Amino acid sequence: MDDNTSILMSFEFTKPSPLVITLTFVASISGFMFGYDTGYISSALVAIGTDLDNKALTYSQKELITAATSLGALIGALFAGAIADLFGRKPVILFSNVMFIAGAVIQCAAHTVWTMIGGRFVMGIGVGFGSLIAPLYISELAPSRFRGRLVIINVLAITGGQLVAYGIGAGLTDVYNGWRILVGVSLVPTAIQFCLVIFLSDTPRYYVMKGNYKKARDVISKTHKGATSQSIEAKIKEFDRLNDTIPGGNIWIKSWNAIREIHLVPSNFRALILACGLQGIQQFTGWNSLMYFSGTIFETVGFKNSTAVSIIISGTNFLFTLIAFFVIDRVGRRKILLIGLPMMMLSLTLCAIAFHFMNITFEDHDALLNEDTEITGWAIVIIISMIWFAASYAIGIGNVPWQQSELFSQSVRGVGTAFSTTVNWAGSLTISSTFLTMLDRITPTGTFAFFAGVSLFSLVFVYFLYPELSGLQLGECQDILTNGFNIKRSKELSKRRKQEMKNKDHFIQKKEKERSLPDMISRKLDKIELN
Ligand SMILES: O[C@H]1[C@H](O)[C@@H](O)[C@H](O)[C@@H](O)[C@H]1O
């Protein structure tokens, strides 16, 4: 290890300062909004009744109301990256708040279906901006050793938001205009985030990008408590080295050049394949069909209290994201994916088999019908395999794709994450709007077998292409992709970095013990003297 790497290592070794933790939590409110806004819709659709246009919602209106947010998010995510590079990460968070607030107000006041769809779309733009910016902001601030975990705090906020939305939705089912309250509640976290973000700083990487070194130094010294001035300077130099900014006189030329660069520079293109591939896998393995339609499925297989079962499913998602939080940096991203994906495949296969033995049909291509009147053993198998699916999804593919920022070099990070986040929303939109049709056309067994097949394909993709990036500095992550996917080299480097961290840990603990020993002895001596 050369001197510079060793200085940078010591810099990355610093524990997240209270400021980094605060910034992470504030940014994660975007994750909470993402989860809450995608989560409340399943109960709101039931509770709306005849409140819009004085008529019950038709099946396709329900689909449009659900899909409007994903569509807005897809469009928002597409532009958020370029805007983040031009104007900063902080203004993007503030803009997403404005969209959340506008969208929620329009929905609360809606009396027609199209106003509701409009409100959902505006809110979706906020969700798209928030879903891109929160993980990017956090990963740019985090010391590499804790990057994985700090980014997962945002995913925890997403899954927590979904759980809270299910919970509040269940509580408000019978309340008059309860769905308006359900939407209105989302104004509270948004307003809190807006007020807090105004006072917070942008990321040092962004400041360096804009040539504002003084501000960058200032933020680093606060986010990396205990870092020496030498290591801060080394870090700024490193940011500068990675900061081969995209040429171009205006936003359009710059964005075009960034798009060219991400496709033409091999390491950037590999990063793009990985980031988009993982986001696609996350969506096309079918989790969100459960998020949006679990109530319908559980009702069909015979559970009277389907909302409670849905809460168990999203609770499992939250719980296993929490477990991922503890293991992602230690066990590594690649390993947890290689554990999670085969588990998903097995649970989906079991689900497909169980559906095969149930008498489920489609009535007029519009509603699922179960010819069994009692809850059968197969219904229990379905619920168990869905809980198992939720757990194996949440531990790996539910969160790893959100580590996407680490794959891209600084100059194309905004555009790269915009592409991959857009893939995420395109996948979510496709799955949520085709799931019921799939159940109808290829049967529930065919649908879940299809998702099992996608999981198998995903396993092959991850095994051959996804390197281990835990413990590596952001710059090293991009170096790994320079001349191939370098799985073997990444595993060795990750192992080495973790060992170095461990050694440093032991060294510091030893030093602390040595320092505290004389203190302890003198305290004991004082006591003896006093006695
Ligand atoms: O990481 C999140 C999380 O897994 C959510 O539960 C899911 O609904 C989202 O689509 C995904 O991006």
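The values are calculated or read from the model by the stated rules, or taken from the named source; none is laboratory data. Remember, it's a predicted structure, so these values are computed and weren't measured experimentally. For neighbour counting, all protein chains shown are included, and Cβ atoms are generated from backbone atoms with ideal geometry for every residue, glycine included.
Please go through segment 264-299 and pick out each residue that is part of a helix (DSSP H, G or I), over 24 Å from the mean Cα position of the chain (by Cα) and surrounded by fewer than 21 Cβ atoms within 10 Å (Cβ to Cβ).
Narrowing segment 264-299 to residues part of a helix (DSSP H, G or I): 264, 266-284, 287-299.
Pick out the ones that are also over 24 Å from the mean Cα position of the chain (by Cα) and you get 264, 266, 296-299.
Passing the criteria: Leu264, Pro266, Thr296, Glu299.
Would you confirm whether any residue within segment 227-245 is under 30 Å from Ile65 (Cβ atoms) and among the charged types (D, E, K, R)?
no
Among helices (runs of 4 or more DSSP H) lying entirely in segment 133-216, which contain 2 or more residues that are at pLDDT below 90 and not polar (S, T, N, Q)?
Passing ranges, in order: 144-172, 204-209.
Name the residue, out of Thr430, Thr437, Thr482, that is surrounded by fewer than 21 Cβ atoms within 10 Å (Cβ to Cβ) and in contact with a Pro (Cβ under 9 Å, 6 or more places away or on another chain).
Thr482
Which residues, taken from segment 384-399, are β-branched (Val, Ile, Thr) and either near the ligand (Cβ under 9 Å from one of its atoms) or surrounded by fewer than 22 Cβ atoms within 10 Å (Cβ to Cβ) (or both)?
Result: Ile384, Ile387, Ile397.
Here is a list of conditions, (1) buried (at least 21 other Cβ atoms within 10 Å of the Cβ); (2) without any contact (Cβ under 8 Å) to a residue 40 or more places away in the chain, and Val122 meets all of them except one; can you say which number that is?
In the conditions (1) buried (at least 21 other Cβ atoms within 10 Å of the Cβ); (2) without any contact (Cβ under 8 Å) to a residue 40 or more places away in the chain, Val122 misses (2) alone.
Would you call Ile339 touching a Lys or Arg at 6+ places or on another chain (Cβ under 8 Å) and under 19 Å from Tyr393 (Cβ atoms)?
no
Return the only residue of Ile138, Ile133, Ile125 being under 21 Å from Ile220 (Cα atoms) and touching a Gly at 6+ places or on another chain (Cβ under 9 Å).
Residue meeting the stated conditions: Ile133.
Mind listing just one residue for me: the one in segment 75-101 that is over 19 Å from Trp252 (Cβ atoms) and charged (D, E, K, R) and, of those, nearest to the chain's Cα centre (by Cα)?
Arg89
Which condition breaks for Asp202 when tested against (1) within 30 Å of Asp240 (Cβ to Cβ); (2) within 16 Å of the ligand (Cβ to nearest atom); (3) not hydroxyl-bearing (Ser, Thr, Tyr)?
For Asp202, the exception is condition (2).
Please go through segment 35-57 and give me each residue that is away from the ligand (no atom under 12 Å from the Cβ) and not aliphatic (A, V, I, L, M), ordered by number.
First, the residues of segment 35-57 that are away from the ligand (no atom under 12 Å from the Cβ): 40, 43-57.
Matches in segment 35-57: Tyr40, Ser43, Gly49, Thr50, Asp51, Asp53, Asn54, Lys55.
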